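Undergrad: Following this message is one structure expressed as structure tokens.
The values are calculated or read from the model by the stated rules, or taken from the named source; none is laboratory data. Just so it is clear, the model here is predicted, and its values are computed rather than measured. Backbone-built Cβ (ideal geometry, glycine too); neighbour counts: all protein chains shown.
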């Protein structure tokens, strides 16, 4: 009995009372709750939840091509999510990844179209990435500077800039940069030298996926191993204290937004140069918003983002298989994604409750030990 | 080209379209105004509107009565808004995150339900009986403005009637005073015996209802069917409308009309085949919203406690 | 004797491990002005918040006009005709005076606001009591004094006949104070019963009929004001004989390290926060700054630490002018700042203990190299500090949020003091902590004094100041009103200076 109790204690300690354990536990609970509710919905429309989820898994991971598609889908989510995790660590509510993706994609497309025929791939591809990164960062710079200099809330400005970017791109690809041979707005195809190499024959798996993974490492290192990342985290956790400790908070906030926008710009870049080979109006398909869900699910942890991006991408990719195998509408996956994010939101609350209980517990322990010490002295 | 633009038919058509485009923005904007005035920021309007749009359509499709559709859309909006309410009022979590979650959820929810109910066939598009214009006796016979102002869909009248009603509620009723107090200084409101959470829930419900019926205007007013992501960003514009309208009912009406006009103008121009960079017209609302934030920085007209959780201490 | 309007018996209110009000009895007679006198944290406001329905007592009974009363909410208090004017006004800036006054009131007849009638009534009330107020003015455009009048009218409008005023004169000019007193006297004359929470002796003596003295949550005495005098009240308020608990042994006091020359600062509302403050702190010396909170001490600390700018005057560190330097530069000069509010300015609740400990040095060797953190150095330093400062935590990576208040404060102190600072600015370093932690922090400060640091210690606890300081200054309304060596300190004089009696 006591042994069992001890075991439960230890388990409780690992699952709830270590910060890492708390994060993992609550994330898994959020996903489980969402999948469960999703299963109920699937059952409610008369299909088999097990069959549906099975179809999603086989559709997303069942064969080489499926895995490649899932990875290709996950890569831009991962890149944009990485950027958002930096901004969110700084407590900058960047809702504007979508617009930053458009800005980055457009800049990459323009670079490819103007330089791709003149320069070798080894030169033009890095230039495209640089262009995408810069454009995304600049697009994020606008709300960042408005926030730090004038104190205007970044949330609304990033939302507005999403639409401005989407419309501006719409105009560009319909007018000055329109593919003359196409009946609808899109740019011409980018030259071969500009296209990202495919790394697995007969799939669409392009090198952008690897680049995204490289950036997981980079962002992880920046956020957790560099002094800049440390400054970003302090500024996000308590800007007042960060300032009192000599950190230039406004500068740090701006840098975090530049990184955030830059990463979203890279997501746009690989969509253009690795997947569609041209700028189209549908370049993102809501990646900028899904990336918010991906980031929140991963609790702004770069490493966890890989799993969370794969999870969201697998749902999207497996959705078609689910539709024809289990006769469940594709949209059910959006439903599950939405439920995940709402449960993740609820997790914030749960997390606080556990923390408070932990605090009460340690205070009690402390008192007990004080009392014990007092008794000893007497 | 200029003759066409100056012609009476064009102008009347334009204004009429502007009124119709402005209506869902106005409904959702007024709805959001109640929420924000009480201190609750709801950026899930897009999702709520979409759900309202769907349920309005479904109900009208099944019952054949558009009015029931409108009510059902409002009710569905309330249900979704209450999720936001529980998360942001009772649990005190980030209102931004909750709103983002609601948008994603509603995108999925609306499509799932639509497919589940109507199947995935695109060839045979389900339709619902739409609202029919209501002619106001005598006034609708007036030249020019008769057709423009007095022979509109019922929701148009309701939306514009909500402007003075809301002004009256906010500034001339006890409830409105309480709402404004909760949005400005919830602690002070609590000390004079106001139940802040209760008032905020009420406002969240109003937001949900009005945004929901704003959604039904799309599927029962502008068009008579439902399609994926039918709201196409109108919920986000409604949030901009509230800011652009400086959190005042009349301001919101003005903002909704400006936005409606910009959007109607580009549609009209495209319709008559004039090639203009319509994207820039559509951009006007967003740019204006940012500009007004920049011009008025530091003296925000927004409620002081907007977006801040308020949990009573014991 | 007439039946008392308010009778509180054995009131107890605890916040966690702190007992804010400890078995206090309180009796208020009709038509009197009754003072609750005490220092910060004596429990005056808490006791009255129990009466006003903002807090629920843990023990104790309340009788209003002889009837047992349970007051769950401010609304219950209004129903019993009790109204409280809080120190921080509970007014909504964007609403008009009339709107604020009628806010939350349910009129039975209609759901509509009747501003016109309300304004009429407000004008009537303001005439009857001589309280000037324009019902149509926006509250945000009023001065603090005018806002207070609105708060009083708000209570009168609600038919309160028991009025609680929490430190009402803190925000008033002398002229406003005298007109407020006139109003209060007039009201008492008309049968209102008034409770005045204050720490100013002058107010007790010139205005009140009865005075209750509170200290450390307990009632010390209750007596007619007419039978009290300045000196005895001051003694009862600030308390006990001075017990020198610590062995201070005057060490070698060296050169002046921190010096301010005539610094002045105004708040955003134009009020003077600091007026011509000149002080010196020498190496190996603790300069204690006494005073009731809100008299400019925190602003002084922030100005010295670089968190806010002075409008005029200069600050010197070891003779070097640092008036215009950044916070980071001052940290590099060896100025440490322990803020009064660690939640706002001191700690990073979501980050680990080790991270909290290293913040100020995180981009300097040995904790960083070429822009990267050196975890091994951070860890070993953290382990050492956790050990030597006795910070109780499950691990160095546990988030600060999970620590108890005392341990959070120890971590902040460890960060600020482990760098062997030249100057330590400690703003209420022991506020809200339990006895064990307080004593530990006191020992730390003395240790650094022995190490020849210059310490500016701000505290509202007079005991703390008397026990630790070599010299003492008292601040009142942004000015230094009293200066002395601790050894020759006159408690009564300090008490008078804190209460604004010495200019």
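Undergrad: Which residues, taken from the stretch C:351-371, are part of a loop (DSSP other than H, G, I, E, B) and more than 8 Å from chain A (Cβ to nearest Cβ)? Don't jump to the end; show me each part of the working.
TA: Restricting attention to the stretch C:351-371, the residues satisfying the condition of being part of a loop (DSSP other than H, G, I, E, B) are C:351, C:362-367, C:370-371.
Listed by number, the residues that qualify are C:364, C:365, C:366, C:367, C:370.
Undergrad: Name the single residue, out of those in the stretch A:210-259 being outside any helix (DSSP H, G or I) and more than 7 Å from every other protein chain (Cβ to nearest Cβ), that is farthest from residue A:140 (Cα to Cα).
TA: First, pick out the residues of the stretch A:210-259 that are outside any helix (DSSP H, G or I): A:226, A:238, A:245-248.
From the residues that got through so far, the ones that are more than 7 Å from every other protein chain (Cβ to nearest Cβ) too are A:247-248.
Details: A:247: 22, A:248: 19 Å.
The selected residue is A:247.
Undergrad: Within the set of pairs 6 or more residues apart or between chains, which connect a residue that is free of Cβ contacts under 8 Å to residues at least 12 places away in the same chain inside the stretch A:258-280 to a residue that is buried (at least 24 other Cβ atoms within 10 Å of the Cβ) with Cβ atoms less than 7 Å apart?
TA: Within 7 Å, the pairs are A:276/A:283.
Undergrad: Would you be able to say whether some residue in the stretch A:238-246 is under 21 Å from residue C:307 (Cβ atoms) and touching a strand residue (DSSP E or B) at 6+ places or on another chain (Cβ under 7 Å)? It would help to see each step written out before you state the result.
TA: The first filter runs over the stretch A:238-246 and keeps only residues under 21 Å from residue C:307 (Cβ atoms), leaving A:238-246.
With touching a strand residue (DSSP E or B) at 6+ places or on another chain (Cβ under 7 Å) added as a condition, the list becomes A:244.
The answer is yes, given that some residue of the stretch A:238-246 is under 21 Å from residue C:307 (Cβ atoms) and touching a strand residue (DSSP E or B) at 6+ places or on another chain (Cβ under 7 Å).
Undergrad: Tell me which residues, restricted to the stretch A:192-237, are in contact (Cβ under 8 Å) with a residue 24 or more places away in the chain, crowded, with 24+ Cβ neighbours inside 10 Å and over 20 Å from the mean Cα position of the chain (by Cα).
TA: Listed by number, the residues that qualify are A:194, A:235.
Undergrad: Here are some conditions: (1) surrounded by fewer than 17 Cβ atoms within 10 Å (Cβ to Cβ); (2) in a loop (DSSP other than H, G, I, E, B); (3) free of Cβ contacts under 8 Å to residues at least 40 places away in the same chain. Residue B:125 meets all but one. Which one does it not meet?
TA: Checking residue B:125 against (1) surrounded by fewer than 17 Cβ atoms within 10 Å (Cβ to Cβ); (2) in a loop (DSSP other than H, G, I, E, B); (3) free of Cβ contacts under 8 Å to residues at least 40 places away in the same chain, the one that fails is (3).
Undergrad: What about residue A:325, is it modelled with pLDDT of 85 or more and in contact with a strand residue (DSSP E or B) (Cβ under 9 Å, 6 or more places away or on another chain)? Walk me through it before giving the result.
TA: Working: modelled with pLDDT of 85 or more: yes; in contact with a strand residue (DSSP E or B) (Cβ under 9 Å, 6 or more places away or on another chain): no.
Against the criterion (modelled with pLDDT of 85 or more and in contact with a strand residue (DSSP E or B) (Cβ under 9 Å, 6 or more places away or on another chain)), residue A:325 does not qualify.
Undergrad: Do you know which of the residues in the stretch C:66-87 that are free of Cβ contacts under 8 Å to residues at least 24 places away in the same chain and touching a helix residue (DSSP H, G or I) at 6+ places or on another chain (Cβ under 6 Å) is nearest to the other protein chains (Cβ to nearest Cβ)?
TA: Filtering the stretch C:66-87 for residues that are free of Cβ contacts under 8 Å to residues at least 24 places away in the same chain and touching a helix residue (DSSP H, G or I) at 6+ places or on another chain (Cβ under 6 Å), the one nearest to the other protein chains (Cβ to nearest Cβ) comes out as C:74.
Undergrad: Please go through (1) in a helix (DSSP H, G or I); (2) buried (at least 19 other Cβ atoms within 10 Å of the Cβ); (3) within 12 Å of chain B (Cβ to nearest Cβ) for residue C:90 and return the number of the only condition it doesn't satisfy.
TA: Residue C:90 satisfies all of (1) in a helix (DSSP H, G or I); (2) buried (at least 19 other Cβ atoms within 10 Å of the Cβ); (3) within 12 Å of chain B (Cβ to nearest Cβ) except (1).
Undergrad: Does any residue of the stretch A:109-129 turn out to be closer than 18 Å to residue A:256 by Cα and surrounded by fewer than 19 Cβ atoms within 10 Å (Cβ to Cβ)?
TA: Step one: of the stretch A:109-129, the residues closer than 18 Å to residue A:256 by Cα are none.
No, the stretch A:109-129 contains no residue that is closer than 18 Å to residue A:256 by Cα and surrounded by fewer than 19 Cβ atoms within 10 Å (Cβ to Cβ).
Undergrad: Restricting to the stretch C:98-114, name every residue that is surrounded by 16 or more Cβ atoms within 10 Å (Cβ to Cβ) and either under 22 Å from residue C:186 (Cα atoms) or in contact with a strand residue (DSSP E or B) (Cβ under 8 Å, 6 or more places away or on another chain) (or both).
TA: Result: C:101, C:113.
Undergrad: Consider residue C:400 carefully, then state whether it is crowded, with 21+ Cβ neighbours inside 10 Å, over 30 Å from residue C:253 (Cα atoms), touching a strand residue (DSSP E or B) at 6+ places or on another chain (Cβ under 7 Å) and within 11 Å of another protein chain (Cβ to nearest Cβ).
TA: Answer is no for this residue.
Undergrad: Continuing with this model, one more query. Away from chain C (no Cβ under 14 Å), at negative phi and in a helix (DSSP H, G or I): does that describe residue A:268?
TA: Working: away from chain C (no Cβ under 14 Å): yes; at negative phi: yes; in a helix (DSSP H, G or I): yes.
Against the criterion (away from chain C (no Cβ under 14 Å), at negative phi and in a helix (DSSP H, G or I)), residue A:268 qualifies.
Undergrad: While we're looking at this one, here's another question. Sort out for me the helices (runs of 4 or more DSSP H) sitting completely within the stretch B:158-243 that have 2 or more residues that are closer than 28 Å to residue B:16 by Cβ and at pLDDT 95 or above.
TA: Values: elements: B:174-184, B:186-191, B:196-217.
Correct list: B:196-217.
Undergrad: Taking residue B:304 as meeting all but one of (1) at the interface with chain A (Cβ under 8 Å from one of its Cβ atoms); (2) under 21 Å from residue B:38 (Cα atoms); (3) surrounded by fewer than 21 Cβ atoms within 10 Å (Cβ to Cβ), write down the number of the exception.
TA: All conditions pass for residue B:304, except number (1).
Undergrad: Residue check: is residue A:240 in contact with a helix residue (DSSP H, G or I) (Cβ under 8 Å, 6 or more places away or on another chain) and touching a residue at least 24 places away in the same chain (Cβ under 8 Å)?
TA: No, not satisfied.
Undergrad: Pick from A:108, A:112: which is under 10 Å from residue A:266 (Cα atoms) and in a helix (DSSP H, G or I)? Full working, then the answer.
TA: Numbers: A:112 fails: under 10 Å from residue A:266 (Cα atoms).
Sole residue among the options that is under 10 Å from residue A:266 (Cα atoms) and in a helix (DSSP H, G or I): A:108.
Undergrad: For the structure I just gave you, tell me whether residue C:54 is in a loop (DSSP other than H, G, I, E, B) and under 30 Å from residue B:174 (Cα atoms). Please lay out each step first, then the result.
TA: Details: in a loop (DSSP other than H, G, I, E, B): yes; under 30 Å from residue B:174 (Cα atoms): yes.
Here the answer is yes, as residue C:54 does meet what is asked.
Undergrad: Test residue C:310 against the stated conditions and say whether it is touching a residue at least 12 places away in the same chain (Cβ under 8 Å), touching a strand residue (DSSP E or B) at 6+ places or on another chain (Cβ under 6 Å), farther than 25 Å from residue C:450 by Cα and surrounded by 17 or more Cβ atoms within 10 Å (Cβ to Cβ). Walk me through how you get there before you give the answer.
TA: Values: touching a residue at least 12 places away in the same chain (Cβ under 8 Å): yes; touching a strand residue (DSSP E or B) at 6+ places or on another chain (Cβ under 6 Å): yes; farther than 25 Å from residue C:450 by Cα: yes; surrounded by 17 or more Cβ atoms within 10 Å (Cβ to Cβ): yes.
It is true that residue C:310 is touching a residue at least 12 places away in the same chain (Cβ under 8 Å), touching a strand residue (DSSP E or B) at 6+ places or on another chain (Cβ under 6 Å), farther than 25 Å from residue C:450 by Cα and surrounded by 17 or more Cβ atoms within 10 Å (Cβ to Cβ).
Undergrad: On the given criteria, is residue A:322 within 12 Å of chain B (Cβ to nearest Cβ), buried (at least 24 other Cβ atoms within 10 Å of the Cβ) and part of a helix (DSSP H, G or I)?
TA: Details: within 12 Å of chain B (Cβ to nearest Cβ): yes; buried (at least 24 other Cβ atoms within 10 Å of the Cβ): yes; part of a helix (DSSP H, G or I): yes.
Spelling it out, residue A:322 is indeed within 12 Å of chain B (Cβ to nearest Cβ), buried (at least 24 other Cβ atoms within 10 Å of the Cβ) and part of a helix (DSSP H, G or I).
Let's see how each residue does on (1) more than 9 Å from every other protein chain (Cβ to nearest Cβ); (2) surrounded by 15 or more Cβ atoms within 10 Å (Cβ to Cβ); (3) under 23 Å from residue A:158 (Cβ atoms); (4) in contact with a helix residue (DSSP H, G or I) (Cβ under 6 Å, 6 or more places away or on another chain):
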{"residue": "B:77", "(1), (2), (3), (4)": "yes, yes, no, yes"}
{"residue": "B:84", "(1), (2), (3), (4)": "yes, yes, yes, yes"}
{"residue": "B:91", "(1), (2), (3), (4)": "no, yes, no, yes"}
{"residue": "B:97", "(1), (2), (3), (4)": "no, yes, yes, yes"}
{"residue": "B:102", "(1), (2), (3), (4)": "no, yes, yes, yes"}
{"residue": "B:109", "(1), (2), (3), (4)": "no, yes, no, yes"}
{"residue": "B:116", "(1), (2), (3), (4)": "no, yes, no, no"}
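Undergrad: Let me ask another. Examine the stretch C:68-76 for a residue that is more than 30 Å from residue C:172 (Cα to Cα) and assigned to a strand (DSSP E or B), and state whether such a residue exists.
TA: Looking for residues that are more than 30 Å from residue C:172 (Cα to Cα) and assigned to a strand (DSSP E or B), one finds at least one in the stretch C:68-76, hence yes.
Undergrad: If you scan the stretch C:283-310, which residues turn out to be under 13 Å from the mean Cα position of the chain (by Cα) and assigned to a strand (DSSP E or B)?
TA: Matches in the stretch C:283-310: C:290 only.
Undergrad: OK, next. Out of B:175, B:139, report the one residue that is over 17 Å from residue B:57 (Cα atoms), away from chain A (no Cβ under 14 Å), surrounded by fewer than 21 Cβ atoms within 10 Å (Cβ to Cβ) and over 23 Å from the mean Cα position of the chain (by Cα). It would help to see each step written out before you state the result.
TA: On the way: B:175 fails: over 23 Å from the mean Cα position of the chain (by Cα).
Of the residues listed, the single one that is over 17 Å from residue B:57 (Cα atoms), away from chain A (no Cβ under 14 Å), surrounded by fewer than 21 Cβ atoms within 10 Å (Cβ to Cβ) and over 23 Å from the mean Cα position of the chain (by Cα) is B:139.
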